1. What is the Cα coordinate range of the range A:93-220 on the first, second and third principal axes, sorted by size from largest, in whole angstrom?
2. Averaging over all projection directions, find the projected area of the Cα convex hull of the range B:25-145 and quote it in nm² with one decimal place.
3. Most exposed first by the Cβ proxy, i.e. fewest other Cβ within 10 Å, how do A:Val263, B:Val152 rank?
4. In sequence order, what are the phi-derived ³J(HN,Hα) couplings for the range A:303-309 according to the Karplus relation 6.51 cos²θ - 1.76 cosθ + 1.60 with θ = phi - 60°, rounded to whole Hz, with x for glycine and proline?
5. Hey, can you grab everything whose amide H is under 5 Å from the amide H of A:Val262? Only 5+ residues off in sequence or another chain; H modelled, so Pro and N-termini drop out.
6. Mind listing the long-range amide H neighbours of A:Val30? Cut-off is under 5 Å, sequence gap 5 or more, other chains count too, H placed in the peptide plane at 1.01 Å from N.
7. Give me the percent of DSSP beta bridges within the protein assembly as shown that run antiparallel, rounded to the nearest 5.
8. Give, in whole angstrom and from largest to smallest, the semi-axes √(5λ) of the equivalent ellipsoid of the protein assembly as shown, with λ running over the eigenvalues of the Cα gyration tensor.
Amino acid sequence: MNALDVEVRLTRGAFRLEAKFRAPGDGITVLFGPSGSGKSSLLSAIAGLVPCGGYARLGRDLLCDSAVDLDVPPHRRGIGMVFQDARLFPHLTARQNIAYAFQRAPKDRRRDIGEVAQFFDIASLLDRPVGNLSGGEKSRVALARALVGTPDYLLLDEPFAALDGIRRRAFIQVLLDMHRSFGLPMLVVTHSIDDAAALASHLVALQAGRVVVSGAFDEATREPTFTALLDPRDEGTAVSGLLLDSGVEPGHKYLWLRADHVVLAAELPRALSARNILEGEIAVVRTEEGGGRLVELKTAVGPILSRVTQDAVKELGLAEGKRAWALVKAHALQH
Amino acid sequence: MLSAAETQILATSFSVASLALLWSLPLAIACAFLLARRFRGTFLLDGLVHLPVILPPVLTGFLLLLLFGRNGPIGHWLEQVAGIRLVFTRQGAALATAVMIFPILVRASRIAFESMDSRLLEAAAMLRAGPWDRFFSIALPLAGPGILAGAVTAFAAGMGEFGAVITFAANIPGQTQTLPLAIYAVLQQPGGEDEAMRLAAMSFTLAMSGLIGAEVLQHWMRRRLRG
């Protein structure tokens, strides 16, 4: 398994990127951070499109090391990249785009274009010029092209940024299936916590050019430095996708359970429409700046946050050590 | 229709312009690609490329004589080593023409390369395509329409090159006498105006069809590229 070890240092005007992290050789690592935090620059440096100013290592192979003035050109790094805007070659058909990758892949590792096209459900549009494809179709062709290029590590720069709701979810599902079927390690850039939760086994969070948290997704998202990156309305916890009923097929790694979407009850509620009722013990009740209360409940699926009012805390007698029931609508888990 | 002499003049013009284009185009494309990438010293190369536009064509021809003449450093070497003589030959006329149309080719190709989405080259690099590979598989096909249109324009212009050609290659019927040189020659003779008019009309028609051809070709190829 080829893990990715990087320490990138680069300066863009007043912006300074100094990021050191390790992305495991299995699973999907999400590179999370607000816009302007340097995620794309970091990806470009790993890909070799800009100098890395530090070092990058893929497994045992050194990709760049400024200390010994080593900088392997991008086409020899064995790293694939899927860009936000697909970047299909406009003078070629979808099939020719994928064949472009096929012809340049090592002969002993070549993947059958027909099979890959079947996998991404693009077999019927292979002979169309790429200008005629929809946004979703373009991204799937771009994924197929990257996969046929047989990289050792795949970088994805907000590949679903241009897609809306349903197609976005579908694309994430395709990414997960692709990872499961081909075992290709991925580093995915996103600024959406829901997308991150759906994909990530591992998290690297970036703020103003620095890595603030790195680690297993569920643990890393509980770090205060991570919470500080989030919009207060997005604050919540990661819950394994298999343990909650979200109304969609399981497959997403985690679901992001927002504190605003969790209702608390002081006794076991009955005859409710909420699909998920989780019993737990209150670990802590925090007072927030605006006067609201953030209650952390220890449940069988892990800690859960719920945001309630001061009055609710009083009326229900919510306090550390008390039992409480968290109610979650399935639809609150579909973003 | 055309007299034997006129056919010969046309044939000479075509052959000189074709040869000039053949020699000039590859180098012009390479130059344009470098210029479009804006490396250090771009302005120096840019200036050098455009020299034939600024200099009087006679001076360009004279400089060619100095360099490629029988006693010039390159001309002498060519004759000794390869037995090639350029002055006062059709190849010489083509060389002078090649130098004159070079800026047109570079300009058109450069614009074509610059208007290409260079991020596609990055995408190609991420699919294991090296620099040469990327140039031939992505940059060249995408810049193709622009380059081709430039080539057609340059070809039309090449048929009409005068100053540099007559200085370097002289005005030899059947050898170096292209359309404009022939017009010049008949104008030197008393009563040559009628013939000059016929040649001028031919020259004008060719130039116009070159320009229109370039437009049509570019339009058609762009449409095909967009799919």
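1. 44, 35, 25
2. For the Cα atoms of the range B:25-145, the hull's average projected area reads 9.3 nm².
3. Starting with the residue having the fewest Cβ neighbours, the order is A:Val263, B:Val152.
4. Per-residue couplings from phi come out as x, 10, 9, 9, 9, 10, 7 Hz.
5. The answer is A:Arg307.
6. A:Val188, A:Ser201, A:His202, A:Leu203, A:Val204
7. 75 percent
8. In descending order the semi-axes read 69, 23, 20 Å.
Values in this text are rule-based calculations from the coordinates and carry no lab data. Every value quoted in this text rests on a predicted model; they were computed, and no experiment measured them. Reconstructed Cβ throughout: ideal geometry from the backbone, glycine too, with neighbour counts over all protein chains shown.
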